[in-house]
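The values are calculated or read from the model by the stated rules, or taken from the named source; none is laboratory data. Keep in mind that what you see is a predicted model, and the values were worked out from it rather than measured. Reconstructed Cβ throughout: ideal geometry from the backbone, glycine too, with neighbour counts over all protein chains shown.
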Amino acid sequence: MTGATRMIYHFGGGEADGNKDMKDLLGGKGANLAEMSGLGLPVPPGFTITTEVCLEYLRKGGHPEGLREEVASAMASIEKRMEQRFGDARRPLLVSCRSGARASMPGMMDTVLNIGLNDETVKGLAAASGDERFALDCYRRLIEMYGDVVMRTGREEYHRALEKAKHEAGVEEDRHVPVQALQALIVRYKEIAKASAGRAFPEDPKEQIWGAIEAVFRSWNGARAREYRRIHSLPDDWGTAVNVQAMVFGNLGDDCGTGVAFTRSPATGETGLYGEFLPNAQGEDVVAGIRTPQPIRRNASAPGLSLEETMPAIYKELSGFAETLEKHYREMQDIEFTIQKGRLFTLQTRRGARTGQAAVRIAVAMTREGLIVSDEALLRVEAARLADLLADSFPEGTRVTAQRDGRLLGNGLNAGPGAASGKAAFTADAAYAMARGGHDNVPVILVRGETSPEDIKGMEAARGILTARGGMTSHAAVVARGMGKPCVVGFGALVVGEDGRSCRVGERTILEGEFLSIDGTTGDVMLGEIATTSSEIVKVLVDRSLKPEASALYRDYETLMSWADGARRMKVRSNSDTPSDAATARRLGAEGIGLCRTEHMFFGADRIVAVREMILADAKPQRQKALAKILPMQREDFLGIFRAMDGLPVTIRLLDPPLHEFLPRESAAIDEVAAQMGVTARTVRERVERLAESNPMLGHRGCRLGLTHPEIYEVQLQAVFEAALAAAREGVQVYPEVMHPLVGTGEEIRRLRAMTVAMAERILSDQKPAIPWLVGTMIEVPRACIAAAEIAADAQFFSFGTNDLTQMTYGYSRDDTRNFLPVYIAERILPSDPFASIDQPGVGRLVTMAVEEGRRVNPKLKIGVCGEHGGDPASVEFFDRAGLDYVSCSAYRVPIARLAAAQAALKALGGKRR
Ligand SMILES: [Mg+2]
């Protein structure tokens, strides 16, 4: 850092050095405080120390030269604007110190409030506020927060001392602790701090502020922050800014309060001011979820409690600010505010986090209102969040039934939409262990008093989250919505047992492992396991059980998707193996099938014996006899799929998996095959052993099977073409695309193509109607990418099988990664899971190489991808850049891929539409 670089920017109280476009330097919070100040909103004065200073501090292990002087002069500027003095016993200035990174990291970073209080200044605060109890309470909170964040004492001891004091004073709430008890508590808190940190709580305000600033810097590298960045794939080299700001108090009496307002509902997207406040409370109380807050707008279920009713003038002012901010940012805002003695202050504004459902409705509504254009609307909805709109719910009438059966435990706040049923776990560790500890797919509901950042791992592992305390903006609510998980908070009847193995709701005790069901859309909490049903969108599109007119959400979804379809370049297909799956995919917008896996057609109860007979056959005639049994069944399968995909292309992949996957293992199955084949069980056993492979993934599979046992592929090809002809004669438009898996050389595809052409000629030539068909190959072996030119000469299309391509490029067997891949990702040896999002520099390089080489030889080559990467937004963007013609993914990811493809196309145009 050079001496000329500016380290500090001012905001509030009529000053604003920065603006909203300076997030990299000032962090999101600092940039927005500056912007709000510039708009003339009532922001308490303060300053931001830049992210560059943080990085410098972390590099050097100390703050840069000159920072001390700059902070001193910035403090003097706040003193002037507040007409208070830092450390003054008569008119003490108090400040807060908060972190603020480029992107919001809720609950992850540390905050210290009330800095500047000591045994002397607390008297000045008591005199100025006319409330000694309040002043002592602020002091108590400072020691606790400072102890925890700066001196690393934890909070438990303080909480225990406070509970003891409350018990002795015979009061329930913190705010009722009497003056004398608070005085004793402050002495006790200082003893706790000293005993556990080995040094005294600093009475010198200057020492306090430096300690807090350095703690914020260090918290960037804290375990919680690192974990959050890992989960959300945020880089480690951003650093955090530090915001120091004059304190305003929401806990000076009944004309005070603090809250969070959204300019529209973050849960449903409904228009109008939305949010919660706590009267007579301090900032962190709302987020920490200690008390359950009251609504901002008039609310039928809580009459008389809303801000609109209790402080109508403040409500009106806040509504005005909300409108100003939303119009200015042209985006839904999340605004933190404090009311001090009847005066409103805005403390923060940022883009409001929202559910997928709210994201769609807000984007479409804002376009209609003329606030944004449709291209912006498309870029505003995070594609992966469309999964929320397709999420499950409990069947209608569940609540009534549960109530009747006595299984309805009650109702909390509906903080994250969707329904989830699972085994109760009362600690994050237990949730993690139950869901992941060798028992994959065990559904778990994490049940807590409230959550904290330490619970992240357990929250990630759980299907749903339930808390006793907290509001819509509590840690649990914010994190659950971010993860797209069903969540119910503020369920006041719940008491989690101290042993962490049980909870109580009224008279009911629920033990660890017992089933609970939560409805994050309604807030209902029920005992027992409840099957879930599909969303409104799924009801309209897939089940056809709801009329489009009956669902406003569906209509907005449809509008957004029609914009997406108009904006994207790439086609979107689905990976579907059955007629019903194909029909679902089509209703969700699939424009064909990119991967129809035929091996599933071999596993049915009615055919597996014939398949085994075929594999275990000693000679060709025997094998053909078994295959003849399979032929009519496969033909029927294909016919059903062609009908479901009338007018659209269907890519059929011939048999791919290693033969051992079909072999019988248990004696009953061996006996059955032996009887069918007229041989002994011993003979079957011997043949099974002969076929064993030490690494089947790299063994006798894919086109290697088709070339060594051509009769297998021939039967499949016969079934495909006969089914195509039959479908066409019914009037169905068929576009079969035969795909050969695992091709690595030109000679392989040359022979497979000849086999395909011969069969097509045998079945289709001279027949009416004519069937347009293609033959191509999966590209999933690294050699196929490198030598793509020799393969493209005999292929009409390429389809990247990115799962196998990733396995073989890295040399990872996907099924054997569980012991090292999680470590690799946690320790950043790999930036992310390459099976979830394509590894662009490695696997991606092979993809672009194959595209270039393939098109050089065969300019008409059609190219797609059919790995699950085809439904991952970041991968979709990469495939768009690589020039692919389509992506293909599972049916329920098709809408995500459509939107991601539109976003990719818009980004490629740099915001300028044709
Ligand atoms: Mg494969």
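Checked against (1) closer than 30 Å to LEU325 by Cβ; (2) surrounded by fewer than 22 Cβ atoms within 10 Å (Cβ to Cβ); (3) more than 33 Å from the chain's Cα centre (by Cα), HIS63 passes all but a single condition, namely (1). Condition test on ARG701, is it of a type in the set (Lys, Arg), within 15 Å of the ligand (Cβ to nearest atom) and surrounded by fewer than 24 Cβ atoms within 10 Å (Cβ to Cβ)? Criteria met by ARG701. Which of the residues belonging to the range 164-179 are farther than 13 Å from ARG140 by Cβ and either part of a helix (DSSP H, G or I) or under 38 Å from the mean Cα position of the chain (by Cα) (or both)? If the condition is that a residue be farther than 13 Å from ARG140 by Cβ and either part of a helix (DSSP H, G or I) or under 38 Å from the mean Cα position of the chain (by Cα) (or both), then LYS164, HIS167, GLU168, ALA169, GLU173, HIS176 are the ones that fit.
If a residue must be assigned to a helix (DSSP H, G or I), within 35 Å of the chain's Cα centre (by Cα) and either closer than 15 Å to ARG607 by Cα or within 16 Å of the ligand (Cβ to nearest atom) (or both), how many such residues does the range 641-685 contain?
Residues of the range 641-685 that are assigned to a helix (DSSP H, G or I), as a first pass: 641-644, 659-662, 667-677, 681-685.
Still in the running and within 35 Å of the chain's Cα centre (by Cα): 641, 644, 661.
Cutting the leftovers down to either closer than 15 Å to ARG607 by Cα or within 16 Å of the ligand (Cβ to nearest atom) (or both) gives us 661.
So the answer is 1.
Since GLY438 meets every condition but one in (1) modelled with pLDDT under 85; (2) in contact with a Cys (Cβ under 8 Å, 6 or more places away or on another chain); (3) not in a helix (DSSP H, G or I), which condition does it not meet? Failed condition: (2). Every listed requirement among (1) within 16 Å of the ligand (Cβ to nearest atom); (2) under 21 Å from ASP581 (Cβ atoms) is met by ASN695 save one, (2).
Take the conditions at pLDDT 95 or above and farther than 30 Å from LEU725 by Cβ and apply them to VAL775. Does it pass? Here the answer is no, as VAL775 does not meet what is asked.
Within the group VAL540, VAL505, which residue is farther than 30 Å from PRO741 by Cβ and in contact with a Pro (Cβ under 8 Å, 6 or more places away or on another chain)? VAL540 is the lone residue from the list that is farther than 30 Å from PRO741 by Cβ and in contact with a Pro (Cβ under 8 Å, 6 or more places away or on another chain). Among the residues of the range 793-839, just one is in contact with a helix residue (DSSP H, G or I) (Cβ under 6 Å, 6 or more places away or on another chain), of a type in the set (Gly, Ala, Ser) and without any contact (Cβ under 8 Å) to a residue 60 or more places away in the chain, namely SER837.
Residue check: GLU868 meets all listed conditions (1) more than 16 Å from the ligand (Cβ to nearest atom); (2) at pLDDT below 95 but one, namely (1). Restricting ILE825, ILE863, ILE829 to those that are in a helix (DSSP H, G or I), under 30 Å from the mean Cα position of the chain (by Cα) and either under 28 Å from VAL734 (Cβ atoms) or away from the ligand (no atom under 16 Å from the Cβ) (or both) reduces the list to ILE825.
When restricted to residues that are modelled with pLDDT under 85 and more than 30 Å from ARG351 (Cβ to Cβ), the range 441-479 contains 1.
Scanning the range 524-560 for residues that are of a type in the set (Asp, Glu) and over 30 Å from THR509 (Cβ atoms) yields GLU536, ASP543, GLU549, ASP556, GLU558.
In the range 145-170, the residue that is surrounded by the fewest Cβ atoms within 10 Å (Cβ to Cβ) out of those that are among the hydrophobic types (A, V, I, L, M, F, W, C) and farther than 19 Å from ALA215 by Cβ is ALA169.
If you go through the range 815-872 and pick out every residue that is within 25 Å of TYR228 (Cβ to Cβ) and touching a Gly at 6+ places or on another chain (Cβ under 7 Å), you end up with 1. Is it the case, given these coordinates, that ASP885 is touching a residue at least 24 places away in the same chain (Cβ under 8 Å), in contact with a helix residue (DSSP H, G or I) (Cβ under 6 Å, 6 or more places away or on another chain) and either at positive phi or away from the ligand (no atom under 16 Å from the Cβ) (or both)? In short, no. The listed residues are ALA531, ALA550, ALA564, ALA582, and the only one of them that is within 24 Å of LEU899 (Cβ to Cβ) and in contact with a Pro (Cβ under 9 Å, 6 or more places away or on another chain) turns out to be ALA564. Is at least one residue of the range 132-145 at pLDDT below 95 and in a loop (DSSP other than H, G, I, E, B)? No, that holds for no residue. Of the residues making up the range 836-859, not a single one is modelled with pLDDT of 85 or more, surrounded by fewer than 24 Cβ atoms within 10 Å (Cβ to Cβ) and within 21 Å of ARG597 (Cβ to Cβ). For the range 728-754, filtering for residues that are over 13 Å from ALA795 (Cα atoms) and of a type outside the set (Phe, Trp, Tyr) leaves 9.
Residue-by-condition table, conditions (1) part of a helix (DSSP H, G or I); (2) within 16 Å of the ligand (Cβ to nearest atom); (3) in contact (Cβ under 8 Å) with a residue 40 or more places away in the chain:
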{"residue": "LEU707", "(1), (2), (3)": "yes, no, yes"}
{"residue": "GLU711", "(1), (2), (3)": "yes, no, yes"}
{"residue": "GLU714", "(1), (2), (3)": "yes, no, yes"}
{"residue": "GLY744", "(1), (2), (3)": "no, yes, yes"}
{"residue": "ARG753", "(1), (2), (3)": "yes, no, yes"}
{"residue": "MET759", "(1), (2), (3)": "yes, no, yes"}
{"residue": "ASP766", "(1), (2), (3)": "no, no, no"}
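Put simply, of GLU730, GLU722 the only residue that is more than 16 Å from the ligand (Cβ to nearest atom) and either modelled with pLDDT under 95 or surrounded by fewer than 17 Cβ atoms within 10 Å (Cβ to Cβ) (or both) is GLU730.
Taken as a whole, the condition of being polar (S, T, N, Q) and touching an Asp or Glu at 6+ places or on another chain (Cβ under 9 Å) does not apply to THR708. All of (1) in contact with a His (Cβ under 8 Å, 6 or more places away or on another chain); (2) within 26 Å of PRO632 (Cα to Cα); (3) within 16 Å of the ligand (Cβ to nearest atom) hold for ILE749 with one exception: (2). Do we have any residue at all in the range 773-790 that's within 15 Å of the ligand (Cβ to nearest atom), in contact (Cβ under 8 Å) with a residue 24 or more places away in the chain and closer than 20 Å to PHE642 by Cβ? Yes - at least one qualifying residue is present in the range 773-790. Applying the criterion of being closer than 24 Å to GLY18 by Cβ and in contact with a Lys or Arg (Cβ under 6 Å, 6 or more places away or on another chain) to the residues of the range 193-243, the residue that is surrounded by the fewest Cβ atoms within 10 Å (Cβ to Cβ) is TRP238. Taking the criterion of being away from the ligand (no atom under 13 Å from the Cβ) and under 27 Å from THR756 (Cα atoms), the residues of the range 791-820 that qualify are ILE791, ALA792, ALA793, ASP794, ALA795, GLN796, PHE797, PHE798.
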